[in-house]
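Only one structure is covered here, and it is reproduced in the block below.
The values are calculated or read from the model by the stated rules, or taken from the named source; none is laboratory data. Predicted model, so just to flag it, every value in this text is computed and none were measured. Methodologically, a virtual Cβ is constructed for each residue, glycine included, from the backbone with ideal geometry; neighbour enumeration extends over all protein chains shown. Keep in mind that these areas ignore ligands, DNA and RNA; they rest on the heavy atoms of the full protein, side chains included. Shrake-Rupley method; radii C 1.70, N 1.55, O 1.52, S 1.80 Å.
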Amino acid sequence: MVSNSHSVRDSVGRQEQCYSSRMDEDADEEGIQETCVTQTKGCESSTAIAKTKVTERLRYSDCVGGSQLGHIPVDSHAFRALLADKPMNLCFTPNYSSADSVEKLVSELRQVIDYVESRPSLSDGNASFLRDRLRTLVAKSSSEARTSIRITNQRFESQSKIDANLARSGIESLPDDVIGHVFSFLDGPSLANAQGVSKRWKSVAETPSLWKKLCIDHWNALAHDEALWPIVCRPDPTILESGKDKWRLAYPYIRDHESFKVRIQKTGRFVCNAVVHRLAGPALNLSAMPDTIIVERRFNVLHLESFVVPESSILYFEPEDQVDKEALQEFIAYLSGRNRAGLALDERHRFMVLPPCEYSKDQLEYYGNAMLGVVQDVYHNFTS
């Protein structure tokens, strides 16, 4: 039996020589795949072989890598039954889908079985030639498998590089205005990340109109109420002097001002829908904010200094649309004409709505014409 330490070349050479001697017995045999056979030594009676279930443990090695693959128990009857399994119903063609395919290996194993069964005289000898042939098939299959995997990996890596180059060249070939249009669909954090891709992307991503759109989408009044900016930029007043970069630099602070929608009513009458932004003070628990604020009471704005506590959150009321804008302006004019602030209560909060007044200017540092509000979780009892 050929030793596992022999090289593939020596093993295959000896097997081919033995195969030639076998072919001398029947020279007219055609179409048989090369079979690696070693000289059989000694004979046993066919009767003894028939009575004995031949079970061998094959030790075979990966002839390409030279590493031992392990031990496989082989039952000759079970082996033939496996290959003859009818449900497999494999149809073999000369061109296989892959060099490392099941159908190719099974076809080669079938040819070995067919060759052995076509020569009854082989059953009188031992199975060493068959073991050698199986080793050769395993070595060949392993080599073809590694070659197939290597080729597939190379093709994949090559295609990946091509795809990456195409994607890169495709984006870079676009004009700046098209890239800018694509960037207009990004949110703030994504647009900020785009600035770090390349110098060109940084230049496009810093376009003021992109950041202005993001800021206005969050707080529309910033487009026309200049009195808002000193309060929003209070953490970094230098933003007010940054010119065209104002929107980009202010965006993180604008985003931090949470907002919620509310329906404003006064007793027995709907006023408008509004978006309420936190202008200053502690963060809001948005889940606890009401859907409707009903202004049931009014009081003189001179009492605001007594009613507003330090832990209050300051609100900015912004109408949802043009119809709401007109209605809110009428409500503001109603309160201003009477020098009154409105009061709304629920189980957890006290809301005060303020028209433009001295308190807004002196205490809240807001000099615009919008309606502000104050919300407090805990309040003192008072009468109007």
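In plain terms, if you count all Cα to Cα distances in region 244-339 and split them into 5 Å steps from zero, the share in each step is 2, 11, 17, 21, 22, 15, 7, 4, 1, 0 percent.
Charging the Cβ of each Asp and Glu at -1 and of each Lys and Arg at +1, and nothing else, the dipole of region 170-297 about its Cα centre rounds to 340 debye. When Lys104, Lys361 are compared by accessible surface with a 1.4 Å probe, the order from highest to lowest is Lys361, Lys104. Per residue, the solvent-accessible area of region 129-270 (1.4 Å probe, heavy atoms of protein chains only, all protein chains present) comes to 58 Å². A Förster distance of 25 Å, applied to the separation of the beta-carbon atoms of Arg119 and Gln154, puts the FRET efficiency at 0.05.
Protection proxy ranking, highest mean first, for peptides 229-238, 244-253: 244-253, 229-238, where packing is the per-residue count of other beta-carbon atoms within 10 Å, averaged. When the listed pairs Lys213/Lys361; Lys213/Lys261; Lys266/Lys325; Lys104/Lys161; Lys244/Lys325 are checked against a 22 Å cut-off, the alpha-carbon distance exceeds it for Lys213/Lys361; Lys104/Lys161; Lys244/Lys325.
Working ranking of peptides 121-129, 195-203, 273-281, 149-157 by packing, defined as the average number of other Cβ atoms within 10 Å per residue, highest first, is 273-281, 121-129, 195-203, 149-157. Each of the peptides 174-180, 311-317, 342-348, 258-264 was scored by the mean count of other Cβ atoms within 10 Å over its residues; in descending order, highest first, they stand as 311-317, 258-264, 342-348, 174-180.
A Förster radius of 25 Å combined with the Cβ-Cβ distance from Val182 to Asn220 puts the calculated FRET efficiency at roughly 0.55. Within the accessible area of region 259-377, the carbon and sulfur atoms contribute 44%, probe 1.4 Å, all protein chains present. Specify the inter-centroid distance of region 111-130 and region 301-318, based on alpha-carbon positions, in whole Å. Centre-to-centre (Cα) distance: 102 Å. Annotation: amide H of Glu365 has no partner in the under-5 Å range at sequence separation 5 or more or interchain, hydrogens built in the peptide plane.
Between Ile171 and Thr292, the simple label model (points 7 Å from Cα in the Cβ direction) yields a spacing of 5.0 nm.
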